[in-house]
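Reading through the structure tokens given below for one structure.
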Amino acid sequence: MSEPGPTEDQYAATLELLSSLITQDRRGAGQWETVHEYMGSWVQRLGLERPLEKLSVIHVAGTKGKGSTCAMIESILRSCGYTTGLFTSPHLVDVRERIRLNGLPISKEKFVASFAQCHDRLKETSDGQIGMAAYFRFLTLLGLQVFTEEKVDVAILEVGLGGRLDATNCIPSPPVCGVTSLGMDHVEILGDTIEKIAAEKAGIFKPGSRAFTVIQQPSAMQVLEEKAASANIKLSVARSLDELHQSDGAPIHFGLAGAYQRINAALAIELAACWEDRVMAHSSSPQRHQAAARVELLQSGRLPESYKEGLRRCIWPGRAQVIRDPTSPDMGPGVTFYLDGAHTEESMASCGEWFHDAVQQAAALTPGLATQRVLLFNCMQERDPGKLLKSLATTMQQQQLPFHHAVFTPPDSQYGKLKAAGIDSARDVSWQHTLCRAWTSQVGSHPQESQLMAVLPELGQGPAQDSQSGAVAPGLSSSIQWLRTCAQENPHLQIEVLITGSLYLVGDVLKLLGKAPT
């Protein structure tokens, strides 16, 4: 008889212990070098040195799209019949989303057992100088332990922050690595120029690897090329999807929405194919013949059926995702949520373009329906809201699709708000008022005429307006309820809500709507 799985109390206790590690994870940029050196000690103390030498890894860094790219790589290779491990961050609802086996988050039983094994071992072997790994580094070690124990054919690792000093960069030379689109993000740690950021991202390049990237700004590309040359590896730009075709001439279909996903898909195809070529096609594996055949097809400009299937079946919640509110009818007036976890200037522009395309498609299905567009936004305090909101507002103005109203609200998730264990998490919306003022400075105080006149619950002053263009809500529940009340009081309206700026915000909305990833 199999052992019973963990109780909910045991799982909750494990999550509480994990959360206690967040207190150690807030460091200045100057300490990252030192902490990164500790990864070698933690790997050794967990007995992972030899297993990691046998783990076949595809390592992906970048500013925009690295999570989606990793998800597509995993889906492609799983469609080819390989066993896969996928490590990504952050999670939307449940921390187990970060560590996936064959496309699914690891079980609570696996998480609790592996967590205890790692935590106990690191605690027992502490020498007083290098103690317990902090939150993200611990989860990285946990993921690597799970993947090595399961002996997956391939592990796809998404860099958490930067590359050179990231926790995932403890692995030996991976067969393949990639860099997605680069932009300005985490400048307080990675540097204040695109060249400095490119240098940090290229820190995953190691001798013996093969590297791919996408078209970058010329100065960033030059840095990537210099770093690749220093590591004595070849760096190539992924072929455009326009250079690939299907045997039946049909277009390539993507499970992930958004025109920008074509760039991510092109890189995912190159990385998956290179891994098959370098690791499987010349091995003794029973799959080597099929791998070699797929590589040959791609070299001739044709997309293998399994690659096409992997792209079509790929699902990555919280990115360019459309959800009809469960309280609204399937079609016609009501509330529709458009969710995208964009949180950089570049990704906000892409998000705006996707939102425009998505609402235009919806309008074609219900012509003549009166619509109102609402922005529901939050971002982390280390980001520059003026730049993010300017990017979105400019894109929407160019598309001639401005918002009628904007609501700014804090997320519900504790990790999204937590600064350190023990800090009072009382609701504070001062940051959201800052966001609202930043929005007003972009769009002015008199936006499109709004028909959404319902009172925000818990706020007895209409839509809690800082100005005519924006409002602050105390939480997501009140924001969602306000939108639903608006729909009830305006039964002729289609209310289109873009939720963006933070994956924590997006994850909390998915949870509230009962659409949490499984």
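The values are calculated or read from the model by the stated rules, or taken from the named source; none is laboratory data. Please read all numbers here as calculations on a predicted model, not as lab measurements. No Cβ is skipped: glycine too gets one built from the backbone with ideal geometry, and neighbour counts run over all protein chains shown.
When segment 469-497 is examined, which residues are found to be among the acidic types (Asp, Glu) and part of a strand (DSSP E or B)? First the steps, then the outcome.
Initially, segment 469-497 is screened for residues among the acidic types (Asp, Glu), giving 489, 496.
Across segment 469-497, the qualifying residue is only 496.
Name the one entry in 391, 430 that is of a type in the set (Gly, Ala, Ser), modelled with pLDDT of 70 or more and under 25 Å from the mean Cα position of the chain (by Cα).
On the way: 430 fails: under 25 Å from the mean Cα position of the chain (by Cα).
When all the criteria are applied, what remains is 391.
Results for (1) at pLDDT 90 or above; (2) of a type in the set (D, E, K, R); (3) within 30 Å of residue 309 (Cβ to Cβ), shown as yes or no for each residue.
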{"residue": "21", "(1), (2), (3)": "yes, no, no"}
{"residue": "56", "(1), (2), (3)": "yes, no, yes"}
{"residue": "63", "(1), (2), (3)": "yes, no, yes"}
{"residue": "74", "(1), (2), (3)": "yes, yes, yes"}
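Kindly indicate which of 401, 392, 369 is touching a residue at least 24 places away in the same chain (Cβ under 8 Å) and surrounded by 22 or more Cβ atoms within 10 Å (Cβ to Cβ). Before the answer, list the steps.
Numbers: 401 fails: surrounded by 22 or more Cβ atoms within 10 Å (Cβ to Cβ); 369 fails: surrounded by 22 or more Cβ atoms within 10 Å (Cβ to Cβ).
It is 392.
Of the numbered conditions (1) of a type outside the set (A, V, I, L, M); (2) farther than 21 Å from residue 351 by Cα; (3) not in a strand (DSSP E or B), residue 254 fails exactly one; give the number of that condition.
(2)
Kindly indicate whether residue 112 is of a type outside the set (Lys, Arg), over 19 Å from residue 45 (Cα atoms) and not assigned by TED's automatic domain parsing to the domain that holds residue 278.
It is true that residue 112 is of a type outside the set (Lys, Arg), over 19 Å from residue 45 (Cα atoms) and not assigned by TED's automatic domain parsing to the domain that holds residue 278.
Quick one: is residue 127 out of contact with any Pro (no Cβ under 9 Å at 6 or more places or on another chain), modelled with pLDDT of 95 or more, more than 28 Å from residue 287 (Cβ to Cβ) and charged (D, E, K, R)? Give the steps one after another, and end with the answer.
Working: out of contact with any Pro (no Cβ under 9 Å at 6 or more places or on another chain): yes; modelled with pLDDT of 95 or more: no; more than 28 Å from residue 287 (Cβ to Cβ): yes; charged (D, E, K, R): yes.
Considered against the rule, which asks whether it is out of contact with any Pro (no Cβ under 9 Å at 6 or more places or on another chain), modelled with pLDDT of 95 or more, more than 28 Å from residue 287 (Cβ to Cβ) and charged (D, E, K, R), residue 127 comes out as no.
For residue 200, indicate whether it is assigned by TED's automatic domain parsing to the domain that holds residue 218, touching a Phe, Trp or Tyr at 6+ places or on another chain (Cβ under 8 Å), within 20 Å of residue 88 (Cα to Cα) and of a type in the set (Asp, Glu). Walk me through how you get there before you give the answer.
Values: assigned by TED's automatic domain parsing to the domain that holds residue 218: yes; touching a Phe, Trp or Tyr at 6+ places or on another chain (Cβ under 8 Å): no; within 20 Å of residue 88 (Cα to Cα): yes; of a type in the set (Asp, Glu): yes.
For residue 200, the condition - assigned by TED's automatic domain parsing to the domain that holds residue 218, touching a Phe, Trp or Tyr at 6+ places or on another chain (Cβ under 8 Å), within 20 Å of residue 88 (Cα to Cα) and of a type in the set (Asp, Glu) - is not met.
Table: residues versus (1) among the hydrophobic types (A, V, I, L, M, F, W, C); (2) closer than 30 Å to residue 192 by Cα.
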{"position": "360", "(1), (2)": "no, no"}
{"position": "373", "(1), (2)": "no, no"}
{"position": "381", "(1), (2)": "no, yes"}
{"position": "386", "(1), (2)": "no, yes"}
{"position": "389", "(1), (2)": "yes, yes"}
{"position": "392", "(1), (2)": "yes, yes"}
